[in-house]
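Colleague: Right, I'll just put the structure down here and ask away after.
Derivation of every value follows stated rules applied to the coordinates shown; laboratory data play no part. Just so we're clear, the structure is a prediction, and the values are computed from it rather than from any experiment. Note: ideal-geometry Cβ built from the backbone for every residue, glycine included; neighbour counts use all protein chains shown.
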Amino acid sequence: MNKMLFSILALVLLMGLTGCDVENETAPDLQAPEITITYPGEWATICSQQLEVHLDVLDAHPIDSVIVYVDGQPIQTFTTTPYQLMLQKADYDDGQHTIYAQATDSHGNTGNSTLLNFFWMQEEQQSQISVEIVRPVLWEKFTSDQIPVQIISESLQPLSSIEVYVDGLLAHTFSEAPYETTLTIDTQGVHNIYARATDDLDFSQSSTLKHFEVVTIDLQDPTGFIASPADWSDVTGIVNVQITATDNVDIDRVELFVDGDFYSQSAAAPYQFSLDSSNLTNENHTLYGMIYDTSENSCVTQLITVRVNN
């Protein structure tokens with residue numbers, strides 16, 4: 001009988017420690033990281049003695065590790081950014097090679113990049129293609145979303161095309177000279193660009209990867225509102241305050257104010273706050289939010305009133 005009583009007491013204590021409020025449990029993270037090889041491009045022909053590989057990894061949670069595989073063999077493991085590595089031609093035979101990467105986030109979700117093929121050959125085996133991006137210059141800054149692109153290229157054979165890649169994605173294709181155009185890039189921040197020239201014999205060569213930065217002047221304020229709780233709601237215990245925020249560029253942070261005093265801030269969507277109403281008196285209280293974008297433009301949400309009744 002004492003053993004049964006002890007088991008019941010232990011179960012009650014365990015339930016009290018772990019809690020039974022299912023609504024407050026956080027949904028498990030099942031989203032795998034998105035990983036892209038931004039350089040070299042698919043089916044690129046590399047003639048240099050070194051090859052710098054660039055990766056881009058996106059995930060809502062921190063990345064634990066990124067592993068790069070060349071010809072199916074793990075070559076390097078990253079635990080921090082930047083995800084870049086240098087391959088040496090002396091370590092590889094002439095001909096076709098494959099490369100892909102695998103990223104694992106802090107919750108154990110694993111994502112794989114697309115398998116990328118490229119040729120690594122000696123210069124004399126090619127049509128002696130040379131291709132260079134003259135504009136933008138390395139680390140050039142633009143205060144407009146209009147990015148001028150200028151490329152020079154030579155080859156023993158006529159060129160069939162020159163492709164321009166921005167952040168690993170095809171942005172423009174030239175079929176004939178002059179190789180000049182203007183690209184619209186409305187995302188602020190650092191970008192990378194390279195070109196791939198292909199001749200009539202189907203040989204191709206990629207230019208050196210260059211970085212440039214778009215720093216446009218943002219004068220537009222963000223917008224947003226308190227989505228919950230509703231105005232003049234009766235609240236008790238822990239109150240879930242949710243603020244919806246949008247901007248033409250990007251949101252930097254959202255701050256919550258209670259009775260005019262700063263309470264907390266959130267830097268990632270969804271912008272949710274847990275307000276402990278037990279710390280407030282049993283009367284009416286006001287809530288509002290301050291929304292800031294990455295250019296420090298800001299706006300104030302509507303003011304709502306809640307009735308605390310603990």
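Colleague: Per residue, what volume in Å³ does the Cα convex hull of segment 153-310 take up?
Modeller: 132
Colleague: Another question, then. Could you give the size of the charge dipole of segment 34-214 about its Cα centre, using +1 on the Cβ of each K and R and -1 on the Cβ of each D and E, expressed in debye and rounded to the nearest 20? Kindly include the intermediate steps, with their values, before the conclusion.
Modeller: Working: 5 positive and 26 negative charges, 62 e Å.
Approximately 300 debye in magnitude.
Colleague: A further question on this structure: Residue separation times 0.36 nm, minus the C-alpha to C-alpha distance between LEU169 and TYR263: what's the value?
Modeller: Additional length available on full extension: 29.6 nm.
Colleague: Hey, what number do you get for the chain at 222 nm if only DSSP H runs of n ≥ 4 count, each worth -39500 (n - 2.57), divided across all residues, to the nearest 500?
Modeller: Per the formula, -2000 deg cm²/dmol.
Colleague: Now a separate question. Using a Gaussian network model of the chain whose springs link C-alpha atoms within less than 10 Å, name the residue from ALA195, ALA44, ALA269 with the highest mean-square fluctuation.
Modeller: Sorting by GNM fluctuation, first place goes to ALA269.
Colleague: Taking the structure as given and computing Cα extents along the principal axes in Å, which label from (1) 62, 45, 34; (2) 86, 61, 23; (3) 48, 40, 39 fits?
Modeller: The calculated read-out lines up with (2).
Colleague: A further question on this structure: How high is the FRET efficiency from ILE217 to ALA90, r the C-beta distance, R0 51 Å, rounded to 0.05?
Modeller: 0.60
Colleague: Describe numerically, in nm with one decimal, the distance between label points set 7 Å from Cα along Cα→Cβ at ALA60 and at TRP232.
Modeller: Going by the 7 Å Cα→Cβ label model, 3.5 nm.
Colleague: Please identify, among GLY224, GLY237, GLY41, the residue showing maximal mean-square fluctuation in a Gaussian network model of the chain using a 10 angstrom Cα cutoff.
Modeller: GLY237
Colleague: For segment 34-214, what does the equivalent ellipsoid look like in terms of its semi-axes, each the square root of 5 times an eigenvalue of the Cα gyration tensor, given largest first in whole Å?
Modeller: After diagonalising the Cα gyration tensor, the semi-axes are 28, 23, 12 Å.
Colleague: Going toward the positive end of the dipole of the chain, with +1 on Lys and Arg Cβ and -1 on Asp and Glu Cβ, which of ASN240, VAL53, THR173 do you reach last?
Modeller: Of the candidates, ASN240 comes out farthest on the positive side.
Colleague: Shifting gears a bit: Compute the helix-to-body angle for 2-18: its Cα long axis versus the longest principal axis of the chain, expressed 0 to 90° and rounded to tens.
Modeller: Between the helix axis and the principal axis of the chain, the angle is about 60 degrees.
Colleague: Between ALA177 and GLU34, with labels modelled 7 Å along Cα→Cβ, what's the label distance in nm to one decimal, could you check?
Modeller: It works out to 3.9 nm between the two label points.
Colleague: Comparing ASP276, ASP293, ASP56, which has the greatest mean-square fluctuation in the GNM of the chain with Cα pairs linked when under 10 Å apart?
Modeller: ASP276
Colleague: Just to confirm my numbers, what's the Cα centroid distance between segment 178-248 and segment 48-77 in Å?
Modeller: Segment 178-248 and segment 48-77 have Cα centres spaced 23 Å from each other.
Colleague: Need the full-extension length gain, SER160 to ASN279, defined as separation in residues times 0.36 nm minus the C-alpha distance. One decimal, nm.
Modeller: Going from the current span to full extension adds 35.7 nm.
Colleague: I've got another one for you. Which loop-located chymotrypsin sites (Phe, Trp or Tyr not before Pro) does segment 182-271 contain, where loop means any DSSP state but H, G, I, E or B and the Cβ has at most 10 other Cβ atoms within 10 Å?
Modeller: TRP232
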